[in-house]
Each structure stands twice: as C-alpha cells, then as structure tokens.
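The values are calculated or read from the model by the stated rules, or taken from the named source; none is laboratory data. Everything numeric in this text was worked out from a predicted model, so none of it was measured. Counting neighbours? That spans all protein chains shown, and the Cβs are built from the backbone with ideal geometry, glycine included. We work out accessible area using only protein heavy atoms, side chains counted, and drop any ligands, DNA or RNA first. Shrake-Rupley method; radii C 1.70, N 1.55, O 1.52, S 1.80 Å.
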Amino acid sequence: SSAPGALATTQMTGLTSSQVGALTTTQLGALASSQIRALSTAQLIGLDTTDIAALTTTQVGGLSMAQLAGLTTTQMAAIETTDLATLTTDLAGRTRDGSLDDRRDDVVAAVRESVRAKLLVSNPHYVG
C-alpha cells in the first residue's frame, strides 16, 4: 500500500470520509496543498480538531472558500491564529484584485464563519 503522500491528487477524491479521518497527523502533514484542496467538504469533516490544527500554513492557505465554509465551528477554532491571519490576508488581497468576484457566496460564507469562530473564542456568549 502506498503512503498517502504518494496518492495522486485525483485519487484523494476517491477516499471516504472515514479513510481521510484515519490518516495520522504525520500523514496529513506529508500531503501537498493540492491534495488537501482535492478533498471534498464531507471528507474534511472527517478530520478531528487535532488533525485540523496539525495542517501547515501552506495547507490551510490552499483550502478553497467552499472548504473553509464547510468546516465546523470547532474545526475553524482549531486552525492556528497565524494560519487564519494568512487566510485573511490572502482573502483580502484576492477580494481587492477581483479574482474572487465569481465566488461571492463562498467568500461571504467563509468570512462569516471565520468571524463566528473568532467570536466563539473571544466571547462565546455573543454568538449564542
């Protein structure tokens, strides 16, 4: 059996949520950003908070807006602050340059979830 890092990006889409969830943090860390980006929202939900927290800044930065919007609040809270800052900077730049104009709904959902995750950490009673 090949190591997960040896799987082609297209093969990543064939993994079940359970198979993705069974990957160790070491195996996840060995995946290229393109492999992570190939995962569906349903597959990403199979990752627990430890797995999400172990993703590298590059891997998190490679997630699509739809993938980010599909993460649970708990998963979003597990993303490291520096990774969120990178995403926020990237999102702001791509919003300014117009490269996300055709994905407005995804952008709004991702920003909304990011703000909600931050509020849950700073003031859980505010989100309710």
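Count of region 20-40 residues, restricted to those that are outside any loop (DSSP other than H, G, I, E, B), under 24 Å from Thr86 (Cα atoms) and either open to solvent by less than 50 Å² (accessible area, probe 1.4 Å) or without any contact (Cβ under 8 Å) to a residue 12 or more places away in the chain (or both), is 6. Filtering region 48-76 to residues that are outside any helix (DSSP H, G or I) and either in contact (Cβ under 8 Å) with a residue 60 or more places away in the chain or closer than 21 Å to Arg112 by Cα (or both) leaves Gly62, Leu63, Ser64, Leu71, Thr72. Every condition in (1) on the phi > 0 side of the Ramachandran plot; (2) surrounded by 20 or more Cβ atoms within 10 Å (Cβ to Cβ) holds for Leu55 except the one numbered (1). The listed residues are Thr73, Thr49, Thr86, Thr9, and the only one of them that is among the polar types (S, T, N, Q), modelled with pLDDT under 85, under 22 Å from Ser122 (Cα atoms) and surrounded by fewer than 16 Cβ atoms within 10 Å (Cβ to Cβ) turns out to be Thr73.
Examine region 58-67 for a residue that is exposed (fewer than 13 other Cβ atoms within 10 Å of the Cβ) and within 11 Å of the chain's Cα centre (by Cα), and state whether such a residue exists. Scanning region 58-67 turns up at least one residue that is exposed (fewer than 13 other Cβ atoms within 10 Å of the Cβ) and within 11 Å of the chain's Cα centre (by Cα).
Condition test on Ser17, is it farther than 30 Å from Ser122 by Cβ, hydroxyl-bearing (Ser, Thr, Tyr) and surrounded by 13 or more Cβ atoms within 10 Å (Cβ to Cβ)?
Working: farther than 30 Å from Ser122 by Cβ: yes; hydroxyl-bearing (Ser, Thr, Tyr): yes; surrounded by 13 or more Cβ atoms within 10 Å (Cβ to Cβ): yes.
Answer is yes for this residue.
In this structure, does Ser99 turn out to be closer than 22 Å to Thr13 by Cβ and of a type outside the set (Val, Ile, Thr)? The answer is no for Ser99.
Among the residues of region 83-128, which ones are part of a helix (DSSP H, G or I), farther than 21 Å from Gln59 by Cβ and among the charged types (D, E, K, R)? Matches in region 83-128: Arg96, Asp101, Asp102, Arg104, Asp105, Arg112, Arg116.
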